[in-house]
Amino acid sequence: MIPEPASPTLMATYAPAPVRFVSGRGTELFDDEGRRYLDFLAGIAVVSLGHSNKRVADAIAQQAARLMHVSNLFHNELNERLACDLDRLVGDGSAAGGQVFFSNSGAEANECAIKLARRVGGPGRYVVISALGSFHGRTLATLAATGQPKKHEAFRPLPAGFSSVAYGDVGALENAVASPSVTAVLLEAIEGEAGVVVPPEGYLKAVRRVCDERGILLMLDEIQTGLGRTGRWFAFQHEAIHPDVVTVAKSLGNGMPIGACWARRDVAAAFVAGDHGSTFGGQPLACAAGIATLAELEAIDAPGRAKRTGAYLAQRLEALGGVASVRGKGLLLAAVLEPGLDASEVTRSALRLGLVLNAPAPGVLRLAPPLTVSTAEVDEAVGILGVALGSVSSVETSEGGQR
Ligand SMILES: *Cc1c(COP(=O)(O)O)cnc(C)c1O
């Protein structure tokens, strides 16, 4: 561990923890002093196949030596293949028949969705309704869509045409979409950054009905929940609904920066050449990583693993002293701490003990390990967490003492 001075060269947008990771393998990370950590954050639900996955690393190395980038002014053989693979997962194993725009990040995938919604809406029909507590990105438009007014303050005026309603409240949504200026609803299937907040069962189904009644788009931000993490390829599949637009990013390249906006074909058709673009989006290098990542996620039955290991992790967490409740789906879980326990302090203590996780909300720990995590690693991590919880309070813990 090194004391971290404010960086003289990096903008102070983050306050990084005092550790420098230099390598990783599977669920393990190693710092510059050779110390080993278990990574139960996975780069914020990015590294679903674990660190340094061989299939993805080989695909990147081979593509880097062959052709990295040509621009979207030409066809390349990889973006169409990746779009096809992604479309099959949106369709839960059989083609959904949609079309894809590739970006370099989650925020950009949502930007594409928002522009598409405006294009579909036409003049005077441009408002996107999102949910309070949501997170959709840091660009100005995605910040405006993000339902966290505190994050807006310093950056007003934000782009117009966004409004947020209580998450999980169908009535509030119904009222909000009554205006003829509304073109779409943009929601997370589970609010990840808010602290892994799961909406009431049937919410997405009800939202689908509301959107159908009003003839507006249902756009789901599955950037954190997508690609197997919650125990299905996409979290909306738990409710067997069909969204009009789906955005993904985080785990799509297992660490390679890549995002995508999928849309039903007739919705996507609103875009014509020149409406949207990206220099890097869809380039061969990022798409090679995406193809290898999806192939490996399918080969290991990532949703099945997330479901099984997630159930085991949830059960182990529930038995921990200091944990009031556990929520989430698959391997996107939150441990809600007993009142009085400081989640940030717990994450700092856990880090010192060799466990990486984070505190997305006060009193809430998020656990989003690689989907490849073993039950032995779960046992080890829960043991460490038990010690960390014990160290920040007088809470009696039955776990721990393994390190
Ligand atoms: C991380 C995240 C984003 C933003 O992705 P970036 O790649 O950081 O731009 C958007 N929506 C959700 C739900 C996310 O979890």
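Overview of values
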| read-out | value |
| --- | --- |
| Among (1) surrounded by 14 or more Cβ atoms within 10 Å (Cβ to Cβ); (2) more than 21 Å from C112 (Cα to Cα) - the single one E188 does not satisfy | (2) |
| From the options V70, V128, residue that is aliphatic (A, V, I, L, M), within 16 Å of the ligand (Cβ to nearest atom) and more than 19 Å from the chain's Cα centre (by Cα) | V128 |
| Among residues of the stretch 226-247, those that are in contact with a strand residue (DSSP E or B) (Cβ under 6 Å, 6 or more places away or on another chain), over 22 Å from G122 (Cα atoms) and either at pLDDT below 95 or not aromatic (F, W, Y) (or both), counted | 4 |
| Residue pairs meeting the criteria (Cβ under 8 Å; at least 6 apart or on separate chains; first among the small types (G, A, S), in the stretch 101-121; second within 8 Å of the ligand (Cβ to nearest atom) and in a helix (DSSP H, G or I)) | S103/A109; G106/K250; A107/T142 |
| The stretch 46-63, subset among the hydrophobic types (A, V, I, L, M, F, W, C) and more than 8 Å from T293 (Cβ to Cβ), residue surrounded by the most Cβ atoms within 10 Å (Cβ to Cβ) | V47 |
| Matching option when the condition is more than 16 Å from the ligand (Cβ to nearest atom), within 28 Å of H238 (Cβ to Cβ) and touching a Ser or Thr at 6+ places or on another chain (Cβ under 9 Å), among V170, V182 | V182 |
| Residues satisfying the stated conditions in the stretch 26-36, i.e. of a type outside the set (A, V, I, L, M) and either within 16 Å of the ligand (Cβ to nearest atom) or surrounded by 15 or more Cβ atoms within 10 Å (Cβ to Cβ) (or both) | G26, T27, E28, F30, D31 |
| Search result, residues across the stretch 357-382 that are assigned to a strand (DSSP E or B), out of contact with any helix residue (DSSP H, G or I) (no Cβ under 6 Å at 6 or more places or on another chain) and buried (at least 24 other Cβ atoms within 10 Å of the Cβ) | R366, L367 |
| Residue in the stretch 31-52 that is touching a Pro at 6+ places or on another chain (Cβ under 9 Å), farther than 27 Å from R138 by Cα and at pLDDT below 95 present | no |
| Test: F155 is aromatic (F, W, Y), within 30 Å of A295 (Cα to Cα), without any contact (Cβ under 8 Å) to a residue 24 or more places away in the chain and loosely packed, with under 14 Cβ neighbours inside 10 Å | no |
| Selection status of L217, within 13 Å of the ligand (Cβ to nearest atom) and in contact with a strand residue (DSSP E or B) (Cβ under 9 Å, 6 or more places away or on another chain) | no |
| Subset of the stretch 81-125 that is within 11 Å of the ligand (Cβ to nearest atom), in contact with a helix residue (DSSP H, G or I) (Cβ under 6 Å, 6 or more places away or on another chain) and of a type in the set (G, A, S) - its residue that is nearest to G168 (Cα to Cα) | A107 |
| Selection within the stretch 161-177 - touching a residue at least 12 places away in the same chain (Cβ under 8 Å) and hydrophobic (A, V, I, L, M, F, W, C) | F162, V165, A166, V170, L173, A176, V177 |
| Residue check for A206: within 13 Å of the ligand (Cβ to nearest atom) and either under 17 Å from F101 (Cα atoms) or surrounded by 18 or more Cβ atoms within 10 Å (Cβ to Cβ) (or both) | no |
| Single condition R138 does not satisfy, out of (1) within 22 Å of G259 (Cβ to Cβ); (2) more than 12 Å from the ligand (Cβ to nearest atom); (3) free of Cβ contacts under 8 Å to residues at least 40 places away in the same chain | (2) |
| Test: residue in the stretch 68-88 that is surrounded by 24 or more Cβ atoms within 10 Å (Cβ to Cβ) and out of contact with any Pro (no Cβ under 8 Å at 6 or more places or on another chain) | yes |
| Cβ-Cβ under 6 Å pairs, at least 6 apart or on other chains, the stretch 371-395 side modelled with pLDDT of 95 or more, far side of a type in the set (K, R) and part of a helix (DSSP H, G or I) | L371/R305; V382/R316 |
| Pairs, first without any contact (Cβ under 8 Å) to a residue 40 or more places away in the chain in the stretch 33-60, second more than 16 Å from the ligand (Cβ to nearest atom), C-beta under 8 Å, six or more apart | E33/M1; S52/S23; S52/G24; S52/R25; S52/G26 |
| Flag for D39 being touching an Asp or Glu at 6+ places or on another chain (Cβ under 8 Å) and either charged (D, E, K, R) or surrounded by 14 or more Cβ atoms within 10 Å (Cβ to Cβ) (or both) | yes |
| Filtered residue count, the stretch 272-286, keeping only those that are in contact with a strand residue (DSSP E or B) (Cβ under 8 Å, 6 or more places away or on another chain) and farther than 15 Å from E108 by Cβ | 1 |
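The values are calculated or read from the model by the stated rules, or taken from the named source; none is laboratory data. What you are looking at is a predicted structure, and each value in this text was computed from that prediction instead of being measured. Positions of Cβ are generated from backbone atoms using ideal geometry, with glycine treated the same way; all protein chains shown enter the neighbour counts.
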